[in-house]
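Q: Take this structure first; my questions come after.
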Amino acid sequence: MRDGFGRKITYLRLSVTDRCNLRCRYCMPEDGVCLQHHEEMLTEEEMITAVEAAAALGVTKLRITGGEPLVKKNIVSICQKCSEIKGIKEICITTNGVLLPELGGALRAAGVNRVNLSLDTLDPDKYSSITRVGTLDKALAGLEAALSVGFEKVKLNVVLIGGFNDDEITALAELTLRWPIDVRFIELMPMTEGFPPEAFLPCAAVLERLPELERVPEKGGTARLYRLPGALGNVGLISPVSDHFCASCDRLRLTADGKVKPCLHSNAELSLKGLDRAGMEEVLRQAALAKPRCHEPLSASEMSGAGREMNRIGG
Ligand code: SAM
Ligand code: SF4
């Protein structure tokens, strides 16, 4: 399936829930989600049908996200069923890692290939502050679990926040010297209020801090890749604000309440809730055609037009 600008759509990000066991300041409000009626959310069966529809249209890569996907009841069974869908070649999960010690082995056995784990700091107090309710020990236990159960790839997602973790760029990047993981610095996107302009640091700050980083050729993906000499994994730079990657956008997003989002930073949404497989295929096709060439500029003063917090989209 191609969009109106000839871009091939091969990647679906499926948000299985908008709920979360953390409350990251850049992602969701302190008091959690505004509860939607159960009937408004996709059922497990509808999620599987939507992935089948997407696969029939040429989607090969699936990312399971949220909210926190591991708090979703039946997450292992959802992953198992998705992994059995013809055409789906790779299943990745993005998680805060807190529940990975319990669920990592079962997810791997259910066919999840890769895991991205979010970790913005190695300082226990800062971790509790940015997540509002989390403890660093649990996230680190999640990382160890991810490494021990044999996922094909483990990546750490670090949201780069000026005045918060810019003093930890070196320590975080040096995790790639200890473990076979990629550490990816992601520019803070203006999705919630409350961050001062200096919080929005471009990824160039990582290159300034670590001049020894060597460029690594990438095979697609949104990250520019680098490596510290002697490292076991890459350092990735993801720059949605300073250098967007719209020209190579290959994705659609499906929210837990059944809205297909053609673009993360637009409030355009097409519902596939309640439709049969053929109806879902049609909505996915329309969503691909509704993808804009590029989203509006983002900056400290230009908030995303997403119309939802990240936990309600599936970041
Ligand atoms: N709960 C899971 C987690 O935290 O990994 C999955 C959902 S979370 C919305 C997905 C990713 O979006 C996380 O890596 C998170 O750091 C990132 N994210 C959330 N809000 C963001 C923002 N305002 N700017 C940049 N990245 C953001
Ligand atoms: Fe939850 Fe992930 Fe959002 Fe943090 S970034 S509040 S862990 S959904």
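The values are calculated or read from the model by the stated rules, or taken from the named source; none is laboratory data. In this text the structure is predicted, and so the values were computed from the model without any measurement. Cβ atoms come from the backbone with ideal geometry, glycine included; neighbour counts cover every protein chain shown. The protein model used for the area step is the full one, side chains on, heavy atoms only, and it has no ligands, DNA or RNA in it. Shrake-Rupley method; radii C 1.70, N 1.55, O 1.52, S 1.80 Å.
Q: Residue 67 is checked against (1) part of a helix (DSSP H, G or I); (2) open to solvent by less than 40 Å² (accessible area, probe 1.4 Å) and fails just one. What number does that condition carry?
A: It fails just one condition, (1).
Q: Could you tell me which residue of region 151-173 is most open to solvent (accessible area, probe 1.4 Å), considering only residues that are among the hydrophobic types (A, V, I, L, M, F, W, C) and assigned to a strand (DSSP E or B)? First the steps, then the outcome.
A: Our first condition is that a residue be among the hydrophobic types (A, V, I, L, M, F, W, C); within region 151-173, this holds for 151, 154, 156, 158-161, 164, 169, 171-173.
Adding the requirement that they be assigned to a strand (DSSP E or B) leaves 154, 156, 158-161.
On the way: 154: 6, 156: 0, 158: 1, 159: 23, 160: 1, 161: 5 Å².
Across region 151-173, the extreme among qualifying residues is 159.
Q: Next up: Considering only residues of region 94-110 that are crowded, with 17+ Cβ neighbours inside 10 Å and among the small types (Gly, Ala, Ser), which is nearest to residue 57 (Cα to Cα)?
A: Looking at the filtered set, the residue picked out is 110.
Q: Could you go through region 259-269 and let me know if any residue there is over 14 Å from residue 13 (Cβ atoms), within 20 Å of the chain's Cα centre (by Cα) and of a type in the set (A, V, I, L, M, F, W, C).
A: The answer is yes; a qualifying residue exists.
Q: Among residues belonging to region 73-93 that are within 16 Å of ligand 2 (Cβ to nearest atom) and buried (at least 22 other Cβ atoms within 10 Å of the Cβ), point out the one that is farthest from residue 156 (Cα to Cα).
A: From region 73-93, those within 16 Å of ligand 2 (Cβ to nearest atom) are 75, 92-93; that's our starting set.
Of the ones still in play, those that are also buried (at least 22 other Cβ atoms within 10 Å of the Cβ) are 75, 93.
On the way: 75: 21, 93: 12 Å.
Going through the qualifying residues, I end up with 75.
Q: Look at residue 183 and say whether it is at pLDDT 95 or above, within 12 Å of ligand 2 (Cβ to nearest atom), crowded, with 19+ Cβ neighbours inside 10 Å and under 15 Å from the mean Cα position of the chain (by Cα). Outline the logic, then answer.
A: Details: at pLDDT 95 or above: yes; within 12 Å of ligand 2 (Cβ to nearest atom): no; crowded, with 19+ Cβ neighbours inside 10 Å: yes; under 15 Å from the mean Cα position of the chain (by Cα): yes.
Judged against the criteria, residue 183 is not a match.
Q: Are any of the residues in region 290-298 free of Cβ contacts under 8 Å to residues at least 60 places away in the same chain, closer than 29 Å to residue 30 by Cβ, buried (at least 18 other Cβ atoms within 10 Å of the Cβ) and within 13 Å of ligand 1 (Cβ to nearest atom)?
A: no
Q: State the number of residues belonging to region 33-64 that are open to solvent by less than 10 Å² (accessible area, probe 1.4 Å) and more than 13 Å from ligand 1 (Cβ to nearest atom). Can you show your working first?
A: Initially, region 33-64 is screened for residues open to solvent by less than 10 Å² (accessible area, probe 1.4 Å), giving 42, 47, 50-51, 53-54, 59, 62, 64.
Still in the list and also more than 13 Å from ligand 1 (Cβ to nearest atom): 42, 47, 50-51, 53-54, 59, 62.
Of the residues in that region, 8 qualify.
Q: Run residue 130 past the list (1) hydrophobic (A, V, I, L, M, F, W, C); (2) in a loop (DSSP other than H, G, I, E, B); (3) within 13 Å of ligand 2 (Cβ to nearest atom) and report the number of the one that doesn't hold.
A: (2)
Q: Follow-up. For region 285-315, enumerate the residues that are within 16 Å of ligand 2 (Cβ to nearest atom) and part of a loop (DSSP other than H, G, I, E, B).
A: If the condition is that a residue be within 16 Å of ligand 2 (Cβ to nearest atom) and part of a loop (DSSP other than H, G, I, E, B), then 304, 306, 308, 309, 313, 314, 315 are the ones that fit.
Q: Find all pairs meeting these conditions: Cβ atoms under 7 angstrom apart; at least six residues apart or on different chains; first residue within region 22-36 and modelled with pLDDT under 95; second residue more than 12 Å from ligand 1 (Cβ to nearest atom) and part of a loop (DSSP other than H, G, I, E, B).
A: Taking only residues 6 or more apart or on different chains, the pairs are 30/132; 36/257.
Q: For region 233-250, give me each residue that is over 15 Å from the mean Cα position of the chain (by Cα) and open to solvent by less than 10 Å² (accessible area, probe 1.4 Å).
A: Within region 233-250, 233, 235 qualify.
Q: Right, another one. Identify all residues within region 246-284 that are in a loop (DSSP other than H, G, I, E, B) and of a type in the set (Val, Ile, Thr); write none if there are none.
A: Residues of region 246-284 that are in a loop (DSSP other than H, G, I, E, B), as a first pass: 249-250, 255-258, 262-269, 272-276.
255, the sole residue that qualifies.
Q: Right, something else. Quick test for you: out of 18, 120, pick the one residue that is of a type in the set (D, E, K, R), under 17 Å from the mean Cα position of the chain (by Cα), within 16 Å of ligand 1 (Cβ to nearest atom) and open to solvent by less than 10 Å² (accessible area, probe 1.4 Å). Lay out the reasoning, then the answer.
A: Numbers: 18 fails: open to solvent by less than 10 Å² (accessible area, probe 1.4 Å).
Every option except 120 fails the conditions.
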